[in-house]
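Beneath this line is the structure, given in structure tokens, with notes to follow.
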Amino acid sequence: MARNFVLTVTGPDRVGIVEDVTRAVLAAGGNVETSRMARLGGEFAALMLVTVPDARADALEADFQPLVGKGCRVAIVPAKSEPDAAMADWAPFHVEVDGADHEGIIHEVASHLAARGISIEEMDSESAPAPTSGAPLFSMRALVLVPPDVDDSWAEGLREIGWRLNLEIEIQPLGDDEDET
């Protein structure tokens with residue numbers, strides 16, 4: 001039998017850090033199922049779902065001690081091995097937000113979704129200079145799950161946020177090439 005863990009590693013970015021992290025997972029007899037890794041503000045950050053044999057699960061933390069000794073922070077949390085059946089009939093949507101960067105965009109979108117019981121399953125965002133002017137541009141991509149009892153007004157509410165904050169917000173059902181109506 002195997003157990004799933006959510007593993008987060010943060011620390012000073014350097015050549016070889018991904019190799020060190022994956023070596024520790026392999027030392028535990030584990031496998032990386034899903035991962036997100038990035039350099040953020042000069043720091044390395046990894047978020048991973050790993051599977052480890054039951055017999056090695058208790059030793060997983062010890063396998064990461066060499067990384068802790070190199071200044072990394074490691075958190076290991078047991079994860080569910082089965083998907084959440086209560087969300088099986090929730091509808092997945094892609095949400096894309098683009099526009100001039102300013103404070104509070106993510107909070108405004110997240111607050112709107114949370115107030116309607118909509119779950120953010122994945123989210124990536126970045127701010128980068130515009131090619132010509134150099135003005136900061138914001139971009140966010142998210143996968144959200146909408147409960148079956150939520151009507152389509154949630155999407156119109158997001159579009160209202162876009163209009164008010166001068167952002168382009170596109171919403172598409174997962175797997176659909178057309179904008180949601």
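Can you work out which of the residues in region 104-136 that are among the hydroxyl-bearing types (Ser, Thr, Tyr) and in contact with a strand residue (DSSP E or B) (Cβ under 7 Å, 6 or more places away or on another chain) is least open to solvent (accessible area, probe 1.4 Å)? Reasoning before the result, please.
As a first pass, look at region 104-136 and keep what is among the hydroxyl-bearing types (Ser, Thr, Tyr): 111, 119, 125, 127, 132-133.
If we keep only those that are in contact with a strand residue (DSSP E or B) (Cβ under 7 Å, 6 or more places away or on another chain) as well, we get 119, 125, 127.
Values: SER119: 29, SER125: 60, SER127: 67 Å².
Going through the qualifying residues, I end up with SER119.
Consider region 35-70. How many of its residues are within 22 Å of MET123 (Cβ to Cβ) and among the polar types (S, T, N, Q)?
1
I'd like to check something: does region 39-52 contain any residue that is modelled with pLDDT under 90 and hydrophobic (A, V, I, L, M, F, W, C)?
No, there is no match, as no residue in region 39-52 is modelled with pLDDT under 90 and hydrophobic (A, V, I, L, M, F, W, C).
Of a type in the set (A, V, I, L, M), in a strand (DSSP E or B) and open to solvent by 60 Å² or more (accessible area, probe 1.4 Å) - does that describe any residue in region 137-144?
The answer is yes, given that some residue of region 137-144 is of a type in the set (A, V, I, L, M), in a strand (DSSP E or B) and open to solvent by 60 Å² or more (accessible area, probe 1.4 Å).
Does THR10 satisfy the criteria of being open to solvent by less than 60 Å² (accessible area, probe 1.4 Å), within 29 Å of SER125 (Cα to Cα) and outside any strand (DSSP E or B)?
Values: open to solvent by less than 60 Å² (accessible area, probe 1.4 Å): yes; within 29 Å of SER125 (Cα to Cα): yes; outside any strand (DSSP E or B): no.
No: the conditions fail for THR10.
Anything in region 98-123 that is part of a strand (DSSP E or B) and in contact (Cβ under 8 Å) with a residue 24 or more places away in the chain? List them, or say none.
Selection gives ASP98, GLY99, ALA100, SER119, ILE120, GLU121.
Just one of the numbered conditions (1) modelled with pLDDT of 95 or more; (2) more than 30 Å from LEU137 (Cα to Cα); (3) in contact with a helix residue (DSSP H, G or I) (Cβ under 9 Å, 6 or more places away or on another chain) is not true of GLY30; which one?
The single condition GLY30 does not satisfy is (1).
Being touching a residue at least 40 places away in the same chain (Cβ under 8 Å) and of a type outside the set (A, V, I, L, M): is that true of THR10 here?
It is true that THR10 is touching a residue at least 40 places away in the same chain (Cβ under 8 Å) and of a type outside the set (A, V, I, L, M).
Report, by residue number, each residue of region 170-181 that is open to solvent by 20 Å² or more (accessible area, probe 1.4 Å) and either in a strand (DSSP E or B) or modelled with pLDDT of 95 or more (or both).
Matches in region 170-181: GLU170, GLN172, PRO173.
Which condition from (1) farther than 19 Å from MET1 by Cβ; (2) surrounded by 12 or more Cβ atoms within 10 Å (Cβ to Cβ); (3) over 22 Å from the mean Cα position of the chain (by Cα) is the one that ALA59 breaks?
(1)
Filter region 18-35 down to residues that are closer than 16 Å to VAL74 by Cβ and under 20 Å from the mean Cα position of the chain (by Cα), then give me how many there are.
Within region 18-35, residues that are closer than 16 Å to VAL74 by Cβ and under 20 Å from the mean Cα position of the chain (by Cα) number 5.
Only residues that are surrounded by 13 or more Cβ atoms within 10 Å (Cβ to Cβ) and of a type in the set (S, T, N, Q): list them for region 17-39, please.
Correct list: THR22, ASN31, SER35.
Checking the condition free of Cβ contacts under 8 Å to residues at least 12 places away in the same chain and more than 20 Å from the chain's Cα centre (by Cα), which residue from ALA128, ALA85 passes?
Working: ALA128 fails: more than 20 Å from the chain's Cα centre (by Cα).
Sole residue among the options that is free of Cβ contacts under 8 Å to residues at least 12 places away in the same chain and more than 20 Å from the chain's Cα centre (by Cα): ALA85.
The values are calculated or read from the model by the stated rules, or taken from the named source; none is laboratory data. The shown structure was predicted, so the numbers you read here are calculated from the model rather than taken from an experiment. A quick note on method: Cβ atoms are made from the backbone with ideal geometry, for glycine too, and the neighbour counts reach across all protein chains shown. Please note that ligands, DNA and RNA were not included when accessible areas were found on the heavy atoms of the full protein model with its side chains. Shrake-Rupley method; radii C 1.70, N 1.55, O 1.52, S 1.80 Å.
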